[in-house]
Amino acid sequence: MVPGPEDGCLPSTTRFATVLRARRLSAGLTQKELAQLAGIGVRTVRELERARVHRPQCGTLALLADAFGLTGAAREDFTNSVRSVSER
């Protein structure tokens with residue numbers, strides 16, 4: 001049996017997409033507003049939230065973390081959400 005979402009085992013891109021979208025919504029931001037705050041394109045935010053980007057660039061992750069105002073453990077958790085279990 002292959003682990004799936006019901007087991008809490010999401011592929012890293014799906015997990016990051018879920019984390020990114022949840023964080024954006026909890027901040028009350030649209031994709032456009034987040035893109036503007038982070039200094040990235042709306043298309044980039046959209047593709048990340050749809051898990052169409054398999055390995056987001058470190059710079060993009062840093063810009064998003066900055067846009068959310070993340071520091072310390074919260075920032076680390078956010079950036080680590082993109083890594084697969086085998087990379088940890």
Item to check | Residues of segment 1-41 satisfying the condition of being modelled with pLDDT under 90 and not hydrophobic (A, V, I, L, M, F, W, C) | outcome: P3, G4, P5, E6, D7, G8, P11, S12, T13, T14, R15
Checklist entry - Out of segment 12-30, which residues are within 16 Å of T44 (Cβ to Cβ), in a helix (DSSP H, G or I) and of a type outside the set (S, T, N, Q)? => result F16, A17, V19, L20, R21, R23, R24
Checklist entry - Within the set of pairs 6+ apart or on separate chains, which have a first residue in segment 8-24 that is on the phi < 0 side of the Ramachandran plot, a second that is of a type in the set (F, W, Y) and modelled with pLDDT of 95 or more, and C-beta atoms under 6 Å apart? => result R23/F68
Checklist outcome for this item: Going through segment 31-52 in order, the residues found to be under 13 Å from the mean Cα position of the chain (by Cα) and either part of a helix (DSSP H, G or I) or crowded, with 17+ Cβ neighbours inside 10 Å (or both) are Q31, L34, A35, A38, T44, V45, R46, E47, L48, E49, A51
Checklist entry - Among the residues of segment 13-37, how many are closer than 14 Å to R52 by Cβ and of a type in the set (A, V, I, L, M, F, W, C)? => result 3
Next on the checklist: Contact list please: Cβ distance under 7 Å, first residue in segment 40-60 and in contact (Cβ under 8 Å) with a residue 24 or more places away in the chain and under 14 Å from T79 (Cα atoms), second residue buried (at least 17 other Cβ atoms within 10 Å of the Cβ) and among the small types (G, A, S), pairs at least six apart or on different chains.
Outcome noted: L48/A17
Checklist outcome for this item: Selection from segment 54-80 of residues surrounded by fewer than 17 Cβ atoms within 10 Å (Cβ to Cβ), modelled with pLDDT under 95 and not in a helix (DSSP H, G or I) yields H54, R55, Q57
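The values are calculated or read from the model by the stated rules, or taken from the named source; none is laboratory data. All of these numbers come straight from a predicted model, not from anything done at the bench. Virtual Cβ from ideal backbone geometry, glycine too; neighbours counted across all protein chains shown.
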